[in-house]
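J.: Please find one structure pasted underneath; my questions will follow.
The values are calculated or read from the model by the stated rules, or taken from the named source; none is laboratory data. Note that this is a predicted model, so its numbers are computed, not measured. For neighbour counting, all protein chains shown are included, and Cβ atoms are generated from backbone atoms with ideal geometry for every residue, glycine included. These area figures cover heavy atoms from the full protein model, side chains too; ligands, DNA and RNA do not enter into them. Shrake-Rupley method; radii C 1.70, N 1.55, O 1.52, S 1.80 Å.
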Amino acid sequence: MIIPILIASPLAFAHTGDGPHNGWLHGFAHPLSGLDHMLAMIAVGLWAAQAHGRIVWLFPLIFVVVMGLGGLFGAITLPLAFAEHGIMLSLVMLGALLVWRKHLPLSVSLLLIGLFALSHGYAHGSEMPPSISLPSYAGGFMLATMLLHLCGIGLALLCKKFAGTRWIRFSGIIIAGYGGFLLIP
């Protein structure tokens, strides 16, 4: 009689909610919890790595700053109609830019990065549980995002050195294809 109780007791959970209940941990885990977010953040890093000079670091920096602003808009429930479509479109467009190795004028690149960041940030902010602190939550999702950007930059640099740019182009096909799949109703 006691053995089933001992076996089953670790399966009982004290909390009904899922995920971490700390603002920073919850924010950090959020970008890592969805494939769409992870692919888009890595794609920003991959695309940034194709640029030269300081622009490599400018794209991720602008993305994180504007994403923080989008997170604030989402947390205060300021309506932003295009957020979900912006996330999916970011996958399609970033994937296509990787496939075609397209270098856009800096102003156009920054505008795209800003719109994509605003969409992703809004999604993060609007999904923030009301019981946690916005600054710690935002700090968590901004740090996780920057780390994913760095992973993309690192992957691009490794591919350029060891595998060539074909792998980056192939990853663009996967990213754009996934985004296109999400756009289908």
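J.: Looking only at residues in segment 94-122 that are assigned to a helix (DSSP H, G or I), free of Cβ contacts under 8 Å to residues at least 60 places away in the same chain and among the hydrophobic types (A, V, I, L, M, F, W, C), which one is surrounded by the fewest Cβ atoms within 10 Å (Cβ to Cβ)?
T.: V108
J.: Within segment 78-93, work out how many residues are in contact (Cβ under 8 Å) with a residue 40 or more places away in the chain and outside any helix (DSSP H, G or I).
T.: Counting residues in segment 78-93 that are in contact (Cβ under 8 Å) with a residue 40 or more places away in the chain and outside any helix (DSSP H, G or I) gives 1.
J.: Among the residues of segment 18-77, which ones are β-branched (V, I, T) and in a helix (DSSP H, G or I)?
T.: Initial filter on segment 18-77 (β-branched (V, I, T)): 42, 44, 55-56, 62, 64-66, 76-77.
Those that are β-branched (V, I, T) and in a helix (DSSP H, G or I): I42, V44, I55, V56, I62, V64, V65, V66.
J.: For segment 65-81, which residues satisfy the criterion of being within 28 Å of R169 (Cβ to Cβ) and either basic (K, R) or surrounded by fewer than 23 Cβ atoms within 10 Å (Cβ to Cβ) (or both)?
T.: Selection gives V66 alone.
J.: Can you give me the number of residues within segment 79-105 that are at negative phi and of a type in the set (K, R)?
T.: The number of residues fulfilling the criteria is 1.
J.: Okay, moving on. Of the residues in segment 139-185, how many are basic (K, R) and either open to solvent by less than 10 Å² (accessible area, probe 1.4 Å) or in contact with a Phe, Trp or Tyr (Cβ under 7 Å, 6 or more places away or on another chain) (or both)? Spell out the reasoning first.
T.: Narrowing segment 139-185 to residues basic (K, R): 160-161, 166, 169.
If we keep only those that are either open to solvent by less than 10 Å² (accessible area, probe 1.4 Å) or in contact with a Phe, Trp or Tyr (Cβ under 7 Å, 6 or more places away or on another chain) (or both) as well, we get none.
Of the residues in that region, 0 qualify.
To keep it simple, each residue is scored yes or no on (1) outside any helix (DSSP H, G or I); (2) small (G, A, S).
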| position | (1), (2) |
| --- | --- |
| P130 | yes, no |
| P135 | no, no |
| G139 | no, yes |
| M142 | no, no |
| M146 | no, no |
| G152 | no, yes |
| A156 | no, yes |
| F162 | no, no |
| R169 | no, no |
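J.: Working only within segment 61-91, note down all residues that are within 20 Å of G179 (Cα to Cα), of a type outside the set (S, T, N, Q) and under 15 Å from the mean Cα position of the chain (by Cα).
T.: Hits for segment 61-91 are F63, M67, A83, E84, H85, G86, I87, M88, L89, L91.
J.: In addition: Kindly list the number of the only condition in (1) touching a residue at least 60 places away in the same chain (Cβ under 8 Å); (2) closer than 14 Å to T145 by Cβ that fails for V66.
T.: For V66, the exception is condition (1).
J.: Take the residues of segment 123-132 that are more than 26 Å from I184 (Cα to Cα), in contact (Cβ under 8 Å) with a residue 12 or more places away in the chain and not aliphatic (A, V, I, L, M): which is most open to solvent (accessible area, probe 1.4 Å)?
T.: S131
J.: For I132, indicate whether it is among the aliphatic types (A, V, I, L, M), out of contact with any strand residue (DSSP E or B) (no Cβ under 8 Å at 6 or more places or on another chain) and modelled with pLDDT under 90.
T.: yes
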